[in-house]
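J.: Below: one structure in structure tokens.
The values are calculated or read from the model by the stated rules, or taken from the named source; none is laboratory data. These figures come from a predicted structure and were not determined experimentally. Heads up, the Cβs are rebuilt from the backbone with ideal geometry, glycines too, and the neighbour counts pull from every protein chain shown.
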Amino acid sequence: MLSRRASTCGFSRVELVVVVAIMLVLAAIAIPQVWGLVGTYRVGADARSIATQLTLARVSAGAQNSDARINFNSCTSGSTNYQLEIYNQGSSAWQQQGGQTNLSTGVSYGYGSITTPVGSQSSISNSPCYAEFNSRGLPIDSSGNPTANYTIYIINNQNLCFAVTVLLSGRIQVFEYAGSAWTGPL
């Protein structure tokens, strides 16, 4: 009687093997989809982080009554970080504020094979190594003249591209490339 009760309780080994096999097949299907979503979220989050840092530079310039910039270390080959810098008029030098921010794994500066520029750009290209604001919060070029040429393109290893632009008014916008055209501002 005891052996009969034990044989009717629980699952057989064959049933357990079938359930485990089904779970492995489902996991094999789901894991690549999850990694794709993670990559999409990373590049989008990096674009929003750059926009936030640009806004911080713009506000810091006004608050400190000095020029401020985000230094994109993209001039250095393979570099994927950026930092806020404030111009110190006493020492006539840029001083780093806070630490460097790194782009996420698999995200880099660039636009891949995209040929359509975003916003008011006439041809597609990343901005110089920095985006600078004067004490009134307006974007300026290296000569101190107002400019609307700051655009930072970032792309992930799945070729999903975002662009962060700075308008002449200082407004910062984020765009996403959706197959054949830019969408946004987001």
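J.: So in segment 149-158, with the set limited to residues that are among the aliphatic types (A, V, I, L, M) and touching a Gly at 6+ places or on another chain (Cβ under 8 Å), which one is surrounded by the fewest Cβ atoms within 10 Å (Cβ to Cβ)?
T.: Of everything passing the filter in segment 149-158, Ile155 is surrounded by the fewest Cβ atoms within 10 Å (Cβ to Cβ).
J.: Need pairs with beta-carbon distance below 9 Å; first residue farther than 19 Å from Ser180 by Cβ and within segment 135-163, second among the basic types (Lys, Arg) and not in a strand (DSSP E or B); sequence gap 6+ or separate chains.
T.: If the second residue must be among the basic types (Lys, Arg) and not in a strand (DSSP E or B), the pairs left are Gly137/Arg58; Leu138/Arg58; Pro139/Arg58.
Residues checked against (1) in contact with a Cys (Cβ under 8 Å, 6 or more places away or on another chain); (2) aliphatic (A, V, I, L, M); (3) at pLDDT below 90:
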residue: Gln89; (1), (2), (3): no, no, yes
residue: Ala93; (1), (2), (3): no, yes, no
residue: Gln96; (1), (2), (3): no, no, no
residue: Leu103; (1), (2), (3): no, yes, no
residue: Asp141; (1), (2), (3): no, no, yes
residue: Ala148; (1), (2), (3): no, yes, yes
residue: Leu160; (1), (2), (3): no, yes, no
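J.: Further question: Across segment 109-128, which residue is farthest from the chain's Cα centre (by Cα) among those that are of a type in the set (S, T, N, Q) and at pLDDT below 85?
T.: Ser122
J.: Six or more apart or on different chains, Cβ under 7 Å: which pairs go from a residue in segment 8-37 that's surrounded by 10 or more Cβ atoms within 10 Å (Cβ to Cβ) and charged (D, E, K, R) to one that's at pLDDT 80 or above and in a loop (DSSP other than H, G, I, E, B)? Could you list them?
T.: Once the first residue is surrounded by 10 or more Cβ atoms within 10 Å (Cβ to Cβ) and charged (D, E, K, R) and sits in segment 8-37, no partner that is at pLDDT 80 or above and in a loop (DSSP other than H, G, I, E, B) comes close enough.
J.: Turning to a different aspect of this structure: Test Gln64 against the stated conditions and say whether it is surrounded by 15 or more Cβ atoms within 10 Å (Cβ to Cβ) and either among the polar types (S, T, N, Q) or over 16 Å from the mean Cα position of the chain (by Cα) (or both).
T.: Yes: the conditions hold for Gln64.
J.: Any idea how many residues of segment 119-153 are aromatic (Phe, Trp, Tyr) and more than 19 Å from Pro185 (Cα to Cα)?
T.: 2
J.: Going through segment 38-61 one residue at a time, which ones are at pLDDT below 90 and either surrounded by fewer than 16 Cβ atoms within 10 Å (Cβ to Cβ) or under 23 Å from Phe133 (Cβ atoms) (or both)?
T.: The answer is Val38, Thr40, Tyr41.
J.: Taking segment 139-178 as the search range and keeping residues that are of a type in the set (A, V, I, L, M) and more than 16 Å from the chain's Cα centre (by Cα), which one is nearest to Gln83 (Cα to Cα)?
T.: Top of the filtered list is Ile140.
J.: Restricting attention to segment 129-138, does a residue exist that is of a type in the set (Asp, Glu), over 17 Å from the mean Cα position of the chain (by Cα) and buried (at least 17 other Cβ atoms within 10 Å of the Cβ)?
T.: Yes, there is a match, as at least one residue in segment 129-138 is of a type in the set (Asp, Glu), over 17 Å from the mean Cα position of the chain (by Cα) and buried (at least 17 other Cβ atoms within 10 Å of the Cβ).
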